[in-house]
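Visitor: Take this structure, written in C-alpha cells, and hold onto it; I'll ask about it next.
The values are calculated or read from the model by the stated rules, or taken from the named source; none is laboratory data. As the structure is a prediction and not an experimental result, all values here were calculated from the model. Every residue, glycine as well, gets a Cβ built from its backbone with ideal geometry; the counts of neighbours run over all protein chains shown.
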Amino acid sequence: MKKRIAIFASGSGSNAQKIMEHFKYSEDAEVALVLANVSDAYVLQRADNFEIPSHVFDKNEFFNTDDVLAMLQNLSIDLIVLAGFLWLVPKNLLEAYPNRIINIHPALLPKFGGKGMYGDRVHKAVMEAKETEHGITIHYVNEKFDDGEVIQQAKFKVEPTDTLEMIKFKGQQLEHIHYPKVIEQLVKKID
Ligand code: GAR
C-alpha cells in the first residue's frame, strides 16, 4: 500500500510543487491532500493542477475543533509535511502523529528560527549577522516554532557579493532538492 502524505502550506507552495512532482509516479507514496490556512494561497492552484484534493481551514477550525484531524484520519494520512506553513501545529495533531509531522525551515537551525522568522526576514537577519554560511533544515515538528529534532541540514557559502535574492534562491534550490528525498526516506520507514 502506498503511504499517504498531507501537505500543509500557507503560500506559493514551490516546495509542495516539487513534492507533488516527486511522488506523482512513486510506488512508495502519494500526496493525498493539500491543506491551507489562506484561501487564495497559490498552493491550492498547484494542488488542482495535480488533481489532488485540498481543504482550507481557519484558525477556529484548526485550533478549536478536531475537524482537520478527522479529515486526515478519514483519508488514512501517514505523514504530515509542512511546506511554508506558518502556524503552530495543535496538540491533537501532534499526539495523533508522533514523529510523523515534519517541517522545512530556510536557515541552519537553531540559528534564525522561532516565531516571526520566515521568508525574507530570515535571509535579512542572516545578511545583517554577516554569516558566511547559510542553509536549510528539515526537522520534526513539536509544540514550538522551528524546534523539533533535526532530520537533515544542507549548507551553502554566503559570498560577500551575494544579495538577499541570491541567498534566497540558493536556499530554495536546496529545499527543492532535499525535501522530496527526505520525505521518501521517511515514508519508506513507515510500517
Ligand atoms: C520555504 O522557504 C520554507 O522553508 C519557509 O517558507 C518557504 C515557503 O516557500 N518556511 C518557513 O519559514 C517556516 N518557518 P514555498 O511556499 O515556495 O514552498
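Visitor: Using beta carbons and a limit of 7 Å, which pairs, at least six apart or on different chains, have the first residue in the range 36-54 and among the basic types (Lys, Arg) and the second one within 13 Å of the ligand (Cβ to nearest atom)?
Guide: ARG46/GLY13; ARG46/ALA16; ARG46/GLN17; ARG46/MET20
Visitor: May I pose another question? Just for the range 166-183: of the residues that are of a type in the set (Val, Ile, Thr) and surrounded by fewer than 21 Cβ atoms within 10 Å (Cβ to Cβ), which one is nearest to GLY135 (Cα to Cα)?
Guide: ILE177
Visitor: Specify the residue that is nearest to the ligand (Cβ to nearest atom); the eligible residues are those in the range 132-145 that are part of a loop (DSSP other than H, G, I, E, B) and within 13 Å of the chain's Cα centre (by Cα).
Guide: Looking at residues that are part of a loop (DSSP other than H, G, I, E, B) and within 13 Å of the chain's Cα centre (by Cα), I get PHE145.
Visitor: Still on this model: MET166 versus (1) assigned to a strand (DSSP E or B); (2) farther than 24 Å from HIS22 by Cα: which is the lone unmet condition?
Guide: (1)
Visitor: Exactly one condition in (1) of a type in the set (Gly, Ala, Ser); (2) at pLDDT 95 or above; (3) surrounded by fewer than 19 Cβ atoms within 10 Å (Cβ to Cβ); (4) not in a strand (DSSP E or B) is not met by ALA154; state its number.
Guide: Single failed check for ALA154: (4).
Visitor: Condition first: among the acidic types (Asp, Glu) and within 23 Å of the chain's Cα centre (by Cα). Now tell me which residues in the range 146-163 satisfy that.
Guide: Within the range 146-163, ASP146, ASP147, GLU149 qualify.
Visitor: Let me ask something additional. Of the conditions (1) modelled with pLDDT under 95; (2) within 16 Å of the ligand (Cβ to nearest atom), ILE80 satisfies every one except a single condition; which number is it?
Guide: (1)
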